[in-house]
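S.K.: Mind having a look at this structure? Questions to follow.
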Amino acid sequence: MTRDGLHRDHIFVLTLLVPIIIFVAILIYYPAIDTFTTSLTNRNLRINRPTEFVQLENYSYLLTNNEFWEVTGRSFLLVLITLPLEMIIALGGALLLNERFPGRGVVRTLVILPWMVPPVVNGFLWGWLLNGEYGAFNGLLYQFGLIHEYQYWLQNPGTQILWVAVVQTWTRFSFPMIVLLAGLQGIQDDLYEAAKVDGANGLQRLWRITLPLLLPSFAVALVVEFIAVFQIFDVIWTLTAGGSAGGAINPFTKTLMLFNYELVFRDLRIGRGAALSYLILIMSLAVGLVFVRRLYNQGVQDT
Amino acid sequence: MKRDRRLRRLIPLYIASALLLFWALAPIYWVAVSSISNRIELYARPYKIWFPSEPTLEHYVTLFTTGAAYRDGGFSPTAGLIGAGLRNSIIISVASAAIVTVVSTGAGYVFARLRFRFKQTAFYFLMLLMPLPVWVALIALFFLLTNLNLIDTLHGLIMLFVVFMLPLSVWLMSTFIRDIPEEIEDAALVDGCTRWQLLPRIVFPLARPGMIAVFLVALLTSWNNFLLPLIFSRTSASQPMTVVLTLFIGQYEVAWEDMSAAAVLTMLPPFLMALFFQRYLVRGLTAGAVK
């Protein structure tokens with residue numbers, strides 16, 4: 001390439017990238033830095049006082065605060081319940097869709113519809129389904145004689161978080177299912193043939209061949225789903241939060257994102273909310289870095 | 001004998017399919033049925049008809065005319081909300097998806113094909129944002145947009161969606177473009193085509209499947225999003241359907257059948273996308289996870 005050509009390429013690169021980079025810098029990086037400086041202050045819009053620099057006080061407050069640990073624990077608990085549920089249903093679905101049968105295409109098309117449902121609608125949908133007065137879940141169980149009286153499924157504080165996990169699983173299981181399906185399709189048939197010749201039965205083949213070879217697919221699905229569940233907000237908002245009317249946010253399903261919303265936009269404790277958002281960042285950073293490295297390797301790689 | 005064996009293989013597969021489809025579709029079916037039922041049948045205890053004896057579209061009409069009914073009877077002052085919500089959702093999602101697709105195709109091309117200094121730095125600068133919890137930027141962003149008078153405006157929201165969807169879109173486009181053979185571009189460059197001519201004439205047509213995928217993913221993401229408009233919208237000047245729905249649940253306590261109709265209207269565009277463009281959409285949503 002001539003010197004002139006190289007120079008022209010530089011202008012091309014700059015014109016396409018610089019606006020994006022400036023845009024991102026102003027609208028994400030600058031606010032992110034600003035949020036961090038705010039997290040070192042006692043900024044509080046409810047109290048009329050000059051904002052002061054308080055160093056790490058917000059952080060130490062949160063880290064010694066019971067509610068913070070309760071909410072953090074609940075976020076991780078939700079991850080721990082949701083991920084296995086999702087993976088079991090996803091694996092079942094993937095094993096099914098990996099078989100050839102007439103109508104498979106239709107099943108595949110329809111089964112991913114929950115994935116398309118806006119999370120806000122998802123929360124409403126299940127809230128109505130599980131409704132204690134007229135919900136279809138009650139109707140169905142009653143009709144089959146499994147209950148004799150309508151139940152208020154979402155009323156019990158102790159089990160609300162389980163329902164959140166179920167509802168989140170319902171909307172998200174398609175993603176791991178497709179990832180696992182792609183993994184299954186990459187497994188060579190002759191491996192199974194060889195195992196059959198050696199006398200391995202179906203279960204042994206699943207356990208000894210399929211699952212070990214699917215491990216990379218599971219890893220990808222788990223990382224992506226971890227981020228999805230950890231940042232859950234909309235579903236809880238409409239399912240159990242009780243905050244959509246502007247009232248108090250239900251403490252029994254308060255996860256980190258809801259806690260953050262409450263601190264900033266309800267309590268107007270801006271400084272403390274900013275500190276919380278950085279604590280959340282640190283918690284998701286480890287998983288996030290793995291994610292970015294993987295993306296880089298595929299998007300740019302050795303060029 | 002052979003038919004017997006075939007059947008014995010197929011029956012369990014169909015039972016499993018039925019279970020899987022029941023799990024996936026029953027909740028959707030219930031809301032759809034609720035939206036076309038009359039109140040007496042829908043509120044029957046125990047509920048056991050599973051399909052209205054006289055399906056009606058009146059709840060859809062109600063949403064746009066008198067305003068949705070309250071749970072306790074009477075009509076809520078919500079008549080204009082649904083129309084405005086749909087309009088805002090369409091404008092926001094179509095505009096931000098179109099902008100993000102064009103911009104990310106250019107940037108994706110640059111990352112996929114050209115060598116330059118600070119390439120890795122620039123790439124990381126964008127990609128680091130992907131797993132970033134939005135809250136880190138959101139708090140200061142709220143004050144920034146307030147100062148810029150961009151709260152409760154459509155263009156403010158479009159701008160935010162574009163910037164938040166950019167990293168993923170740029171990455172998607174760069175992987176798609178890397179998969180296109182380079183020879184055609186090389187030939188065109190040798191013939192004296194500039195990079196600027198190359199982009200619309202050769203790259204866009206070849207990258208069209210990728211661009212469609214990026215456009216659909218962006219459309220779905222912005223249509224379904226709730227957190228950004230929750231924070232940056234105030235009135236029906238910019239509130240999309242997702243926010244209107246939460247007003248129906250909370251502030252107005254809208255009756256279940258009308259609420260269901262509103263929910264169906266909100267789900268419908270994503271469903272249509274999934275049914276008609278599933279190949280592109282799934283490709284875009286799972287790129288990187290599925291090679």
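S.K.: Give the residue, chosen from A:155, A:168, A:160, A:151, that is surrounded by 15 or more Cβ atoms within 10 Å (Cβ to Cβ), outside any helix (DSSP H, G or I) and either of a type outside the set (Asp, Glu) or in contact (Cβ under 8 Å) with a residue 12 or more places away in the chain (or both).
M.R.: A:151
S.K.: Next question. May I ask you to list the residues in the range B:269-285 that are more than 8 Å from every other protein chain (Cβ to nearest Cβ), closer than 16 Å to residue B:89 by Cα and touching a residue at least 12 places away in the same chain (Cβ under 8 Å)?
M.R.: Answer for the range B:269-285, where residues must be more than 8 Å from every other protein chain (Cβ to nearest Cβ), closer than 16 Å to residue B:89 by Cα and touching a residue at least 12 places away in the same chain (Cβ under 8 Å): just B:269.
S.K.: A follow-up question, please. List pairs: first in the range B:209-229 and in the same structural domain as residue B:170 (by TED's automatic domain parsing), second of a type in the set (D, E, K, R) and at pLDDT below 95, Cβ under 6 Å, 6+ apart or cross-chain?
M.R.: B:213/B:283; B:226/A:234
S.K.: Further question: Do we have residue B:171 as within 7 Å of chain A (Cβ to nearest Cβ), aromatic (Phe, Trp, Tyr) and in contact (Cβ under 8 Å) with a residue 24 or more places away in the chain here?
M.R.: yes
S.K.: Pick from the range B:26-41 the residues that are of a type in the set (A, V, I, L, M) and over 22 Å from the mean Cα position of the chain (by Cα): which of them is nearest to residue B:73 (Cα to Cα)?
M.R.: B:40
S.K.: Consider residue B:161 carefully, then state whether it is buried (at least 19 other Cβ atoms within 10 Å of the Cβ), of a type in the set (A, V, I, L, M, F, W, C) and either in contact with a Lys or Arg (Cβ under 9 Å, 6 or more places away or on another chain) or closer than 27 Å to residue B:207 by Cα (or both).
M.R.: So residue B:161 fits the description; yes.
S.K.: Residue by residue through the range A:11-28, note down the ones that are more than 35 Å from the chain's Cα centre (by Cα) and within 7 Å of chain B (Cβ to nearest Cβ).
M.R.: A:12
S.K.: Here is a follow-up. Have a look at A:203, A:154 and point out the one that is modelled with pLDDT under 90 and among the hydrophobic types (A, V, I, L, M, F, W, C).
M.R.: Of A:203, A:154, the one residue that is modelled with pLDDT under 90 and among the hydrophobic types (A, V, I, L, M, F, W, C) is A:203.
S.K.: Can you name the residue in the range A:223-260 that is of a type in the set (Phe, Trp, Tyr) and surrounded by fewer than 24 Cβ atoms within 10 Å (Cβ to Cβ) and is also farthest from residue A:87 (Cα to Cα) among such residues?
M.R.: The qualifying residue farthest from residue A:87 (Cα to Cα) is A:259.
S.K.: Please return the ranges of helices (runs of 4 or more DSSP H) entirely within the range B:149-261 where 2 or more residues are over 30 Å from residue B:32 (Cα atoms).
M.R.: B:154-178, B:183-190, B:195-198, B:208-224
S.K.: β-branched (Val, Ile, Thr), more than 9 Å from chain A (Cβ to nearest Cβ) and touching a residue at least 60 places away in the same chain (Cβ under 8 Å): is that true of residue B:153 in this structure?
M.R.: Criteria met by residue B:153.
S.K.: Same structure again: Which one is farthest from residue B:159 (Cα to Cα), of the residues in the range B:110-147 that are β-branched (Val, Ile, Thr) and more than 9 Å from chain A (Cβ to nearest Cβ)?
M.R.: Here the answer is B:121.
S.K.: Identify, please: which residue in the range A:183-213 is crowded, with 16+ Cβ neighbours inside 10 Å and within 14 Å of chain B (Cβ to nearest Cβ) and is, among those, nearest to residue B:285 (Cα to Cα)?
M.R.: A:183
S.K.: Can you tell me which residues in the range B:40-71 are loosely packed, with under 14 Cβ neighbours inside 10 Å and aliphatic (A, V, I, L, M)?
M.R.: B:40, B:44, B:49, B:57, B:61, listed by residue number.
S.K.: A further question on this structure: Does residue B:149 meet the test of being surrounded by fewer than 21 Cβ atoms within 10 Å (Cβ to Cβ) and either outside the structural domain of residue B:282 (by TED's automatic domain parsing) or modelled with pLDDT of 95 or more (or both)?
M.R.: So residue B:149 passes the test.
S.K.: Just checking, does the range B:17-24 include any residue being among the hydroxyl-bearing types (Ser, Thr, Tyr) and either in contact with an Asp or Glu (Cβ under 6 Å, 6 or more places away or on another chain) or not assigned by TED's automatic domain parsing to the domain that holds residue B:169 (or both)?
M.R.: Checked the range B:17-24: at least one residue is among the hydroxyl-bearing types (Ser, Thr, Tyr) and either in contact with an Asp or Glu (Cβ under 6 Å, 6 or more places away or on another chain) or not assigned by TED's automatic domain parsing to the domain that holds residue B:169 (or both).
S.K.: Would you point out the residue of the range A:171-190, among those that are free of Cβ contacts under 8 Å to residues at least 24 places away in the same chain and assigned to a helix (DSSP H, G or I), that is farthest from residue A:230 (Cα to Cα)?
M.R.: Only one residue fits best here, namely A:190.
S.K.: On to the next question. Give all pairs with beta carbons closer than 8 Å in which a residue from the range B:97-109 that is facing another protein chain (nearest Cβ under 8 Å) meets a residue that is not in a helix (DSSP H, G or I); count only pairs at least 6 apart in sequence or on separate chains.
M.R.: Pairs that qualify, where the first residue is facing another protein chain (nearest Cβ under 8 Å) and the partner is not in a helix (DSSP H, G or I), are B:109/B:207.
S.K.: Just to verify a result, which residue in the range A:193-237, among those that are in a helix (DSSP H, G or I) and aromatic (Phe, Trp, Tyr), is farthest from residue A:72 (Cα to Cα)?
M.R.: A:207
S.K.: Answer yes or no as to whether residue B:266 is at the interface with chain A (Cβ under 10 Å from one of its Cβ atoms) and at pLDDT below 95.
M.R.: Judged against the criteria, residue B:266 is not a match.
S.K.: Then there's this: Go over the candidates A:50, A:84 one by one and state the one that is part of a helix (DSSP H, G or I) and either under 27 Å from the mean Cα position of the chain (by Cα) or not aliphatic (A, V, I, L, M) (or both).
M.R.: None of the other options fit; the residue is A:84.
The values are calculated or read from the model by the stated rules, or taken from the named source; none is laboratory data. All of these numbers come straight from a predicted model, not from anything done at the bench. Reconstructed Cβ throughout: ideal geometry from the backbone, glycine too, with neighbour counts over all protein chains shown.
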